Amino acid sequence: MWSDEEKKELIRLLQKVKADGGYWPDEATTRAAHGAISHWAADFIVLRDNPHGSDKEILLTVYDGGAEKHHGMWHVPGGYNRWDESIQETVSRVAKRELGVDAHYEGVLGADKWEAGEHQYGRPLSLYMKCELAEPIHESDTLKFFPLERLPENMVSAHKRFISRAL
């Protein structure tokens, strides 16, 4: 249980964060907050027709973000919303960072709360969003399309679960 002094100190610190532009100041603070407050992430579902078959393919990237547990694993590209962003602003910012191109939000395909222990910071909420890329991307060793029925073994479990259940 938090004391009244601790609650007042938290409020003071959050007001300071807001005055600094509203962004968590460092990774440690983000991790601490993540364990106490549910955050939502825009995860991009980018599909295309398979040029070598009749199935659809999904764009995946190799994870290299702050959650060390998932480093080197394939995942649905995405990232967390900032408190002052619209969905489209989050999608644009994160797509430019993760994919090198802008993306346009077309709608939410579904939501999935991560299971206990799946994410090292807490239990985020992934909003899986159908997105269209603003321009073509060039596939690489860390960014490529996979057939929906042949996803890589080394993949973030929450993302694999959503794809197999919803797509």
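Just so it is clear, none of the values below were taken in a lab; they were calculated from the coordinates. None of these values were measured; they are calculated from a predicted model. Neighbour counts run over all protein chains shown; Cβ positions are idealised from the backbone, glycine included.
What the table shows:
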{"quantity": "Acute angle (nearest 10 degrees) that the helix 4-19 long axis makes with the longest principal axis of the chain, alpha-carbon atoms", "calculated": "50"}
{"quantity": "Helix 157-166 axis, angle to the chain major axis (alpha carbon atoms, nearest 10°)", "calculated": "60"}
{"quantity": "The chain: angle of helix 27-36 to the longest principal axis, Cα-based, in degrees nearest 10", "calculated": "90"}
{"quantity": "Only Lys, Arg (+1) and Asp, Glu (-1) charged, at Cβ; the chain dipole about Cα centre in debye", "calculated": "340"}
{"quantity": "Value of [θ]222 nm, deg cm²/dmol, for the chain, DSSP H segments ≥ 4, -39500 (n - 2.57) each, nearest 500", "calculated": "-9000 deg cm²/dmol"}
{"quantity": "Reach of K144 by Cα under 20 Å, taken over aspartates and glutamates that are not fewer than 8 positions away in the same chain", "calculated": "D43, D49, D55, E57, D64, E98, D102, E132, E135, E153"}
{"quantity": "For q = 0.10, 0.16 Å⁻¹, Debye-computed log10 I/I(0) when each Cα of the chain counts as one equal scatterer", "calculated": "-0.41, -0.96"}
